[in-house]
1. Taking the Cα of S178, stepping 7 Å toward and past its beta carbon, and measuring to each backbone N in segment 299-326: which are under 17 Å?
2. Please state the shape class of the chain: rounded when a/c is under 1.5, otherwise prolate if a/b exceeds b/c and oblate if not, all from the C-alpha gyration tensor.
3. Rounded to the nearest 10 Å², what accessible area does R190 have for a 1.4 Å probe in the complete protein model?
4. What dipole magnitude, in Debye to the nearest 20, does the chain give about its Cα centre under +1 on Lys/Arg Cβ and -1 on Asp/Glu Cβ?
5. Taking the Cα centre of segment 19-111 as origin and charging only Cβ (+1 Lys, Arg; -1 Asp, Glu), how large is the dipole, in debye to the nearest 20?
6. Roughly what would the spin-label model give for E287 and D60, points 7 Å off Cα along C-beta, in nm?
7. Give the span of segment 18-169's Cα atoms along each principal axis, as three whole-Å numbers ordered largest to smallest.
8. How many times 2.2 N^0.38 Å is the alpha carbon radius of gyration of segment 209-266?
Amino acid sequence: MKHATTASVGLAYLSPEALDAYLAQFKGRVLGVIAFVKKPAANQADCPATWVDMPVLGADSVFEVWTSSEPVALGNESGIASARNGEVLFGCLEVQQMAGESVESATFRAYAGIFDRIDRAGYSNLLRIWNYFPGINADESGLERYRGFNVGRHEAFVAKGRAIGEKSVPAACALGSSDGPMIVYFLAGRQAGRPIENPRQTSAYNYPQQFGPRSPTFSRAMLAGFEHKLFISGTASIVGHETLHAGDIAKQTRETLANIRALLEQANPAAGGNPRPLLKVYLKHPEHLATVRAQLAEEFGAEVQAIYLQADICRTDLLLEIEGVCTCQAEQ
Ligand code: 3EB
């Protein structure tokens, strides 16, 4: 699936001390900046930027910075700040739940707006999307907020002509932040990527109704054409559709890593060797940091690059979730 392409994307997780020099180095080529921090400084970035109220473990704050190999064009329309190169459009938005509005309705508005925006711009293939909102496990009018989110998201996919299934769902994650509005950011492609499912897991869009009235619309990973970038969705200790190892952080971590291994193998069976994913780890309990960090070092080597955040996970019996980005070898 080689195709001629000139533009690609890069990702770094940076400390506040390293941020300014990095942004200067990539001047004109920054797609977006997301701060994970209790309280942000004023936004001076001349690019799409947002912040998520989510504690970082082992540091005060982390900046997630998406860059482009080519100069970007900036935009700001209908509440979506964007930057794009010839291949991808990065966008971010804050979704305010209006008084009396359900999370389902706010999510529908957000996703309908995203689909309208990317369709108009000609980047109609949602590749990867991040969702953060407070009270993810809280009840709202008799339905868990994550489940309401899933209903609104599903309805927007349908309303905007996206079939639910293996061809048109992005890689994703959905986590509970401490406070603030819902924050959504995404990468959308001019060309479709290759969605990847995990043979160990039921596809999320086929989850049974016990997990909510509408299934989550995401793929386990997305392999983008440009540079064979692999976006690994939030991955947890789920086999089939069931959570395994409730209450046991070491076993949940081992199962999660087995799922990530399975995805790396699906994406690139030939590599067999040593992909080096850049990882973002969400822990429900900060006291699990040392255990998980040690297991990641064992799995991927001591020099593994990972950041750790404290978040609520969308199933209350899950203690962690891990996402990743890596560059796979070109297929021969
Ligand atoms: C799971 O596998 C765990 O709702 O977008 C992982 C990645 C999870 C994305 C989402 C949820 C989502 O079902 C939770």
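1. It comes to 308-313, nothing else.
2. It comes out rounded by the Cα gyration axes.
3. Roll a 1.4 Å probe over it and R190 shows about 120 Å².
4. For the chain, the charge dipole is close to 740 debye.
5. Numbers: 6 positive and 11 negative charges, 28 e Å.
In debye, rounded to 20, segment 19-111 gives about 140.
6. Result for the modelled spin labels: 2.7 nm.
7. Rounded to whole Å, the extents work out to 48, 37, 28 Å.
8. 1.30
The values are calculated or read from the model by the stated rules, or taken from the named source; none is laboratory data. All values reported here derive from a predicted model rather than from experimental measurement. All Cβ positions, glycine included, derive from the backbone under ideal geometry; neighbour counts span all protein chains shown. Each accessible area value is taken on the protein alone, full model and side chains, heavy atoms only, with ligands, DNA and RNA left out. Shrake-Rupley method; radii C 1.70, N 1.55, O 1.52, S 1.80 Å.
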